[in-house]
Amino acid sequence: MSHLSWIIVFLLGLSFYGCEIESGETFHFTPLAITAADLPEEFVINQVYDIPVTLVIPDGCTSFEGFTSSIGINNTRTVEAIGIVQTVDVCTQAIRTVEHSFQLPIEFIDTYNFRFYSGQSESGEATYLEYSIPVVSESSTP
C-alpha cells in the first residue's frame with residue numbers, strides 16, 4: 001500500500017472517530033391520564049366509531065403520541081394514551097387538557113367493556129374510567 005493510501009485510510013479513520021453516536025436516549029414514553037371518553041349509548045354492529053378522549057399533558061416536554069389498547073377477558077378493552085417525554089429540554093410546568101380520538105370498528109355483538117387509564121391512586125395503583133356499551137344489530141335512534 002502506498003503512502004497516499006495510508007494517509008487516506010488514516011484521515012478517514014480520524015474523521016469517523018469524531019462522529020460519536022449518543023449513547024443516552026433523549027426521550028421516553030409515558031402513559032397519559034384520560035379524564036373523559038365520549039362514548040355513545042349503544043354501538044351498531046359493523047359500524048366504525050370515532051371515540052373522542054380528553055387527556056392531560058402534564059408539562060411542556062410531553063406530547064401526545066397515540067393510543068394503545070389490549071383486549072382482556074369479558075371483551076374488556078383497556079385503553080391508554082401514550083405520550084413522549086423529551087428529556088433534554090427545560091420544561092414548562094403548564095398542564096394542558098387536550099382531546100384526541102381513535103377509531104373503533106364494532107365487530108362483535110357482545111357488550112364492549114372499556115377501561116380507560118386515568119392515572120394512579122395515592123398508593124401507586126393504576127386507576128381507570130370504566131364504561132359498558134351494548135351492541136345492537138340496528139340503530140334504535142331514528
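The values are calculated or read from the model by the stated rules, or taken from the named source; none is laboratory data. Worth saying up front: this structure is predicted, and the values here are computed from it rather than measured. All Cβ positions, glycine included, derive from the backbone under ideal geometry; neighbour counts span all protein chains shown.
Annotations
- Test: residue in region 67-77 that is at pLDDT below 95, more than 30 Å from Ser132 (Cβ to Cβ) and of a type in the set (Gly, Ala, Ser): no
- Within region 33-102, strands (runs of 3 or more DSSP E) holding 1 or more residues that are on the phi > 0 side of the Ramachandran plot and surrounded by fewer than 17 Cβ atoms within 10 Å (Cβ to Cβ): 62-71
- Across region 108-126, the qualifying residues are those that are surrounded by 13 or more Cβ atoms within 10 Å (Cβ to Cβ) and out of contact with any Pro (no Cβ under 9 Å at 6 or more places or on another chain), and the one among them that is nearest to Ile57 (Cα to Cα) is Ser118.
- Close pairs from region 38-60: first under 24 Å from Val85 (Cβ atoms), partner surrounded by 13 or more Cβ atoms within 10 Å (Cβ to Cβ) and among the charged types (D, E, K, R), Cβ under 8 Å, at least 6 apart: Val56/Arg96; Ile57/Arg96
- The residues on offer are Ala81, Ala33, and the sole one that is farther than 21 Å from Val135 by Cβ, hydrophobic (A, V, I, L, M, F, W, C), touching a Gly at 6+ places or on another chain (Cβ under 6 Å) and at pLDDT 95 or above is Ala33.
- Of all residues in region 84-99, those satisfying the criterion of being among the β-branched types (Val, Ile, Thr), under 20 Å from the mean Cα position of the chain (by Cα) and farther than 29 Å from Ser132 by Cα are Ile84, Val85, Thr87, Ile95.
- Only residues that are among the polar types (S, T, N, Q) and part of a strand (DSSP E or B) were counted in region 103-142, giving 6.
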